[in-house]
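Engineer: One structure, pasted below without further comment.
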Amino acid sequence: TLGPELAVYLDEFGDCFGRSEPRGKLATYVRGQLGELPRKSVEPMALAAGMKPRTLQEFLASDEWDEERLQSHTYRLLKRDHQDDQWIGVIDESGHPKKGLETAGVSRQYCGNTGKIDNCVMTVHLTATSFNHQFHTIMESELYLPQSWHEDRERCRAAKIPEEVVYRSKYQIALEQLDRAAAQGVNFSWITADEWYSQKPAFLTGLEQRGLRYV
């Protein structure tokens, strides 16, 4: 029953794609993630939609879209449909377990998903949540590039990591995400993060320099 509403919502991002084919794959991918399949990987989602798995794999691996425009639309929809003068910004990170050594940014590091040092990819997120906790959404999600990857640009090129993506600590990434949110007109009444960030004086100084209250 949500199909028509979902189609209208996805149309908000239509101009982020240069061709109609990736727009169709986006709809298939999102419907697969929202569906009741026990496994939300590419192959079962594609097969359930009557699509060849390779076609949906191309959407994630090689199809191009305008990431900055997509991100800007996300901020626009947040302000248009969920305006709140008491937004809380939540900074967190996710570890995604991976096998092998070729996935962009993969490294042996602490993975919250498994609760131990593990082979994983790390991403840093900025989430906006309303003061009454009735709405929340991820606004920013960015790859953390370990120092070992940063120092091996040939490996980065093989994984299609752009030259401008370099090593920055996770708290530096978080501060940059807050700056982009502010540039888009999203202001937070409070910022919160886990204790790892509280142990980084440069992060706390960065929040104070930006006039942000934090817990």
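Engineer: Which pairs have Cβ atoms under 9 Å, sit 6 or more apart or on different chains, and link a residue in the stretch 86-115 that is open to solvent by less than 40 Å² (accessible area, probe 1.4 Å) to one that is assigned to a loop (DSSP other than H, G, I, E, B) and acidic (Asp, Glu)?
Structural biologist: Ile91/Asp194
Engineer: Give the residue that is least open to solvent (accessible area, probe 1.4 Å), with candidates limited to residues of the stretch 1-22 that are within 19 Å of Phe59 (Cα to Cα) and among the charged types (D, E, K, R).
Structural biologist: Glu12
Engineer: On the given criteria, is Thr123 open to solvent by less than 60 Å² (accessible area, probe 1.4 Å), farther than 18 Å from Ile191 by Cα and part of a strand (DSSP E or B)?
Structural biologist: Here the answer is yes, as Thr123 does meet what is asked.
Engineer: Looking at the stretch 31-46 only, could you name the residues that are closer than 16 Å to Glu58 by Cα and buried (at least 16 other Cβ atoms within 10 Å of the Cβ)?
Structural biologist: Selection gives Gly32, Val42, Met45, Ala46.
Engineer: Yes or no: Thr192 part of a strand (DSSP E or B) and polar (S, T, N, Q)?
Structural biologist: Against the criterion (part of a strand (DSSP E or B) and polar (S, T, N, Q)), Thr192 qualifies.
Engineer: Kindly indicate which of Lys160, Lys98, Lys170 is charged (D, E, K, R), touching a strand residue (DSSP E or B) at 6+ places or on another chain (Cβ under 9 Å) and farther than 28 Å from Pro201 by Cα.
Structural biologist: Only one candidate qualifies: Lys98.
Engineer: Restrict the check to the stretch 139-155 and report whether at least one residue is acidic (Asp, Glu), more than 20 Å from the chain's Cα centre (by Cα) and within 26 Å of Lys200 (Cα to Cα). Break it down stepwise before answering.
Structural biologist: Within the stretch 139-155, the subset acidic (Asp, Glu) is 140, 142, 151-152, 154.
Filter once more, keeping what is more than 20 Å from the chain's Cα centre (by Cα): 151-152, 154.
From what is left, the residues that are within 26 Å of Lys200 (Cα to Cα) are 151.
There is at least one residue in the stretch 139-155 that is acidic (Asp, Glu), more than 20 Å from the chain's Cα centre (by Cα) and within 26 Å of Lys200 (Cα to Cα).
Engineer: Further question: Among the residues of the stretch 47-58 satisfying the criterion of being small (Gly, Ala, Ser) and surrounded by 13 or more Cβ atoms within 10 Å (Cβ to Cβ), which is farthest from Gly3 (Cα to Cα)?
Structural biologist: Among those that are small (Gly, Ala, Ser) and surrounded by 13 or more Cβ atoms within 10 Å (Cβ to Cβ), it is Ala48.
Engineer: Which condition breaks for Trp149 when tested against (1) open to solvent by 30 Å² or more (accessible area, probe 1.4 Å); (2) within 22 Å of Glu67 (Cβ to Cβ); (3) at pLDDT 95 or above; (4) out of contact with any Phe, Trp or Tyr (no Cβ under 7 Å at 6 or more places or on another chain)?
Structural biologist: Evaluating Trp149 over (1) open to solvent by 30 Å² or more (accessible area, probe 1.4 Å); (2) within 22 Å of Glu67 (Cβ to Cβ); (3) at pLDDT 95 or above; (4) out of contact with any Phe, Trp or Tyr (no Cβ under 7 Å at 6 or more places or on another chain) leaves (1) as the failure.
Engineer: Read through the list (1) over 21 Å from Ala159 (Cβ atoms); (2) modelled with pLDDT under 90; (3) open to solvent by less than 80 Å² (accessible area, probe 1.4 Å); (4) not polar (S, T, N, Q), then give the number of the only condition that Ala61 fails.
Structural biologist: That leaves (1) as the condition not met.
Engineer: On to the next question. Could you list, in sequence order, the residues of the stretch 179-196 that are open to solvent by less than 40 Å² (accessible area, probe 1.4 Å) and among the hydrophobic types (A, V, I, L, M, F, W, C)?
Structural biologist: Ala181, Val186, Phe188, Ile191, Ala193
The values are calculated or read from the model by the stated rules, or taken from the named source; none is laboratory data. Being a predicted model, the structure only gives us computed values, none of them experimental. As a convention, Cβ positions derive from the backbone with ideal geometry for all residues, glycine included, and neighbour counts pool all protein chains shown. Remember, those area values only see protein heavy atoms, side chains included, never the ligands or the DNA or RNA. Shrake-Rupley method; radii C 1.70, N 1.55, O 1.52, S 1.80 Å.
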